[in-house]
Amino acid sequence: MRFPLRQTLALATPLMALSFPQQLLARAPDPEVLELRREMAAMRQEMMAMKRELRSQHAEVHQQQQTAARHTRTSHGTRLASAGPEEPRPVFSQAAPRPTGPRAPADSRMALSEGPVQSWADFKAASAKDETMQIGGIQIGFPKGRPTIASEDKAYAFSIGLLAQEDFGGFLGAGPKHGEGAGNFNKFTENARRLRLYLTWRYKDWVVNVTPDFGSSSVDGTVGLFEANLNYTGLRNTTLTVGYFQPRMEEESAERSGAFEFLERPTIVDLVRNIAGGVARFSVGGEHWEKRWLASAYFTGQKFGDRNKDTTITDSQTGGVARVAGRPYMSKDIDVHVGAGATAAFKVNENSKGRQYTFSDNMEIPLGETSLLTSGALTNVSQIWAAGPQLAVRWKNLLVKSEYYHIGVSRGHQDVGSNLPSLGFDGWYVSANYTLLGHGRAYNPKTAAFTTPGVDYDFDPEHGHWGALEVSGRWSVTDLYSSAGQGGTGINGNQQTVWQGGFNWYPNQHIKFMVDYAHYIVSRSKGVSGNVNLFGRSGNAIVARAQASF
């Protein structure tokens, strides 16, 4: 191809100038040298600009090809609409697929929404380990399996947790004796024990928890409140709380309901925790933990809904709950836990009948059955308190625990001026647990209690993985008899003994299946409504539970 002479000379002149030796340029007149230098500098700038533009275009094409390839791998043909130039674009982290095992013991425990409130630093550390999607300044992720929306600096966050427990089973050999009422002991029934949605709002170290509960300890179909409180976590290893809360004074309660060895707590633990604590109790206080010890104390009031259930309350309850626990010896194979808990109702609710209180509980079976254990209705109650020690020892996969509590009831005066006797009740339990598959139960210093077994591998029978499996046994005794006629003329308290055994299977870190067998023996008491326990009762129950927690 030929070019006109003028164009050829125009193209050649600057190229020749680029190759001129410096000595030739030096011979040329100064104006011409300056002009050639200006042309050479301009050409260099144009060439560098073209080079940068080519590199930018190449990088953009390469990025588009990578994005299309990732979308093809993950979306299986779904089309992804591109955001406009002014819209925030989602950016996915390149985290590796979530492993199903093997897991280290510390990373294998069950996900529990009902855990200690995380500080801002702990929350940021937990969020950084999980896959997130970023849209503008918002991050969406699943730290510990909980859907969480957070600002880029994690200062603002909102998360949702879940605990769902469905129980089903029935009673065997629980028929009434001649002359007794039948009571409610179904051969087969079911109950939604806990259906809780844990809603958590965060601004740095200020955390608000609101948890509605659609389950029930007796009969489902009602909606209640588990907690609604404000927490501050800005102090080292410390949580300060105000609002409706569950202050915990027992090791069994500190384990959290999703981590129980059995379907329910021992009877004595349920009785003492509800004196001035229990679910949705107004509380002001806090707790501090270290690697080897924990201390907590709360001032408490009445429970959520007390005045709605009884509109005649004229003076609300006040009380307190305290706990200290230590870990005097610890090693890879051994943990020793010692502690003590105390609680007191400085005054109980006063209603149209005065200050009354009744201790009563079921046979540690949450199917809505008639409660056979009772103290009778205690009148003129001025104060109730309870205290006792707790001890637990873990050796490898074996865990043995025990707690004992004494309950004291102070009485006021009757209208005629005669003194009513003070009362004393006692209760205890001993339990043993052994992990057959998976990592054994471990000690959690943040709660000063033991937590669930660890799932080494998720359930996958094709590869010989079966999750975690544990077997447990428990003996519990509660004695509510103190003096004759304590619950009114001819009405005495009685005693209950429960023997239990059970298996718990964890196919992964979020699902749990439980099966419990219970044999109960309850002495007679006329204080049970409907004349259900005039001569004493004994029987058996088999109950299963399906649980999911996130």
> Quick one: which of LYS303/LYS401; LYS187/LYS396; LYS353/LYS526; LYS187/LYS512; LYS396/LYS446; LYS177/LYS347 span more than 31 angstrom between C-alpha atoms?
Replying inline: LYS187/LYS396; LYS177/LYS347
>> Using a 7 Å offset from Cα along Cα-Cβ at ILE313, what residues in region 357-373 end up with backbone N under 15 Å from the label point?
In response: 357-358
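If THR300, THR222, THR318 are ordered by their accessible area, calculated over protein heavy atoms with a 1.4 Å probe, which sequence runs from highest to lowest?
THR222, THR318, THR300
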> Under a point spin-label approximation (7 Å from Cα along Cα-to-Cβ), what is the SER410-GLU32 distance to one decimal in nm?
Replying inline: 11.7 nm
>> Using a 7 Å offset from Cα along Cα-Cβ at MET330, what residues in region 378-403 end up with backbone N under 20 Å from the label point?
In response: 390-402
> Counting only protein heavy atoms and using a 1.4 Å probe, what share of the accessible area of the chain belongs to carbon plus sulfur, as a whole percent?
Replying inline: 60 percent
> Scattering from the C-alpha atoms of region 289-361 alone, worked out with Debye: what is log10 I(q)/I(0) at q = 0.11, 0.14, 0.24 1/Å?
Replying inline: -0.47, -0.62, -1.07
> Size of region 129-256 along its principal axes in angstrom, Cα-based, largest extent first?
Replying inline: 72, 31, 24
> Cα convex hull of region 314-424: how many Å³ per residue?
Replying inline: 144 Å³
>> Treating only the Cβ of Lys, Arg, Asp and Glu as charged (+1, +1, -1, -1), what charge dipole size does the chain show about its Cα centre? Round to the nearest 20 debye.
In response: 940 debye
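Compute the relative contact order of the chain as a whole-number percentage, counting only Cα pairs closer than 8 Å that sit 6 or more residues apart in sequence.
It rounds to 13 percent for the chain.
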> What does the accessible area of HIS439 come to, in Å² to the nearest 10, when a probe of 1.4 Å is used?
Replying inline: 40 Å²
>> Taking just the alpha carbons, could you work out the radius of gyration and Dmax for the chain, both in angstroms?
In response: 34.9, 133
> What FRET efficiency do you get for LYS177 and TRP293 if R0 is 35 Å and r is their Cβ-Cβ distance, rounded to the nearest 0.05?
Replying inline: 0.10
>> For a quick check of understanding: with a 1.4 angstrom probe and all protein chains in place, what accessible area in square angstrom does MET330 have, to the nearest ten?
In response: 50 Å²
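Looking at the square roots a ≥ b ≥ c of the eigenvalues of the Cα gyration tensor of region 437-504, which shape do they give, rounded for a/c under 1.5, prolate if a/b is larger than b/c, or oblate?
Here region 437-504 falls in the prolate category.
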>> Over the chain, with the other protein chains present, what is the accessible area per residue in square angstrom, probe 1.4 angstrom?
In response: 51 Å²
>> Please compute, over every Cα-Cα pair in region 421-543, the percentage with a separation greater than 24 angstrom.
In response: 49 percent
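The values are calculated or read from the model by the stated rules, or taken from the named source; none is laboratory data. Small disclaimer: the values here were computed from a predicted structure and weren't measured. Glycine gets a Cβ as well: all are built from the backbone with ideal geometry, and neighbour counts include every protein chain shown. Heavy atoms of the whole protein, side chains included, go into the accessibility calculation; ligands, DNA and RNA do not. Shrake-Rupley method; radii C 1.70, N 1.55, O 1.52, S 1.80 Å.
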